[in-house]
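Here is the structure we will look at.
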Amino acid sequence: MPPYGDNITDYQTLSINTNNLDRYQIRWMAEDDIETMTKIDRDTWGDTSWSSKDFFKSLNNLSWNCWILENPNSNQPILGYGLQYQLDNISHVANLTLHPNQCGRGLGGILLRHMIEYARQNDATKITLEVNTSNTRAFKLYANHGFEIIEYLERYYSDTADAYRMELLFDVTY
């Protein structure tokens, strides 16, 4: 179980380990990106990765928002991606994945903050997600951005992989 409550900082003080934030951009996913995204997902998650068909369905579903984090001046421009959908006023992060050689540089935070802001701008009252209990890095990313555990999901990913359901509530005033 990842440490909960230890060394968790407010997301506004989360450091980004790069001096060149302006070289990164977030854009809508295009159909041409699916092959690269499928490879990143396979390199990251192995047998549990999404198929190109899964990405294609997400891209073509009007409820979904599919984001690409890229460095257009790089030989490997696509660094990661985020997939979220919104039903009524609840946004859900379905997938946030970085290329394995891009982890630990603050890029996940850049993408997650974009997804949070997009949800707020579209009148979401909260964001939910599930994270594997063994994925300490992702758990800390979400906790650092204000997400809290609301449920323990036994065998959520497989017979041996449990998850936490987490949520971030927005202050909503009408």
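The values are calculated or read from the model by the stated rules, or taken from the named source; none is laboratory data. Given the structure is predicted, the values throughout are model-derived calculations rather than measurements. Heads up, the Cβs are rebuilt from the backbone with ideal geometry, glycines too, and the neighbour counts pull from every protein chain shown.
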* Output for region 87-103, where each listed residue is among the aliphatic types (A, V, I, L, M) and farther than 23 Å from Gly46 by Cβ -> Leu87, Ile90
* Asked: Are any residues in region 113-158 hydrophobic (A, V, I, L, M, F, W, C) and part of a helix (DSSP H, G or I), and if so, which ones?
  -> Met115, Ile116, Ala119, Ala138, Phe139, Leu141, Ala143
* Structure fact -> Expected single match for part of a helix (DSSP H, G or I), at pLDDT below 85, under 25 Å from Glu117 (Cβ atoms) and of a type outside the set (Lys, Arg) among Thr18, Thr36, Thr44 is Thr44
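Table: residues versus (1) within 10 Å of the chain's Cα centre (by Cα); (2) under 13 Å from Ala163 (Cα atoms); (3) surrounded by fewer than 16 Cβ atoms within 10 Å (Cβ to Cβ).
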{"residue": "Gln102", "(1), (2), (3)": "no, no, no"}
{"residue": "Gly109", "(1), (2), (3)": "yes, no, no"}
{"residue": "Met115", "(1), (2), (3)": "yes, no, no"}
{"residue": "Asn122", "(1), (2), (3)": "no, no, yes"}
{"residue": "Asn132", "(1), (2), (3)": "no, yes, no"}
{"residue": "Arg137", "(1), (2), (3)": "no, no, yes"}
{"residue": "His145", "(1), (2), (3)": "no, no, no"}
{"residue": "Ile150", "(1), (2), (3)": "no, yes, yes"}
* Give region 152-164 a look and list any residue that's exposed (fewer than 15 other Cβ atoms within 10 Å of the Cβ) and either of a type in the set (Ser, Thr, Tyr) or closer than 17 Å to Ile90 by Cβ (or both), or say none. => Tyr152, Ser158, Thr160
* Asked: How many of the residues in region 82-135 are farther than 18 Å from Met37 by Cα and in contact with a Gly (Cβ under 8 Å, 6 or more places away or on another chain)?
  -> 1
* Only listed residue being at pLDDT below 95, of a type in the set (Gly, Ala, Ser) and in contact with a Lys or Arg (Cβ under 8 Å, 6 or more places away or on another chain), chosen from Ala138, Ala161 -> Ala161
* Among the residues of region 41-60, count how many are under 14 Å from the mean Cα position of the chain (by Cα) and touching a residue at least 60 places away in the same chain (Cβ under 8 Å). => 0
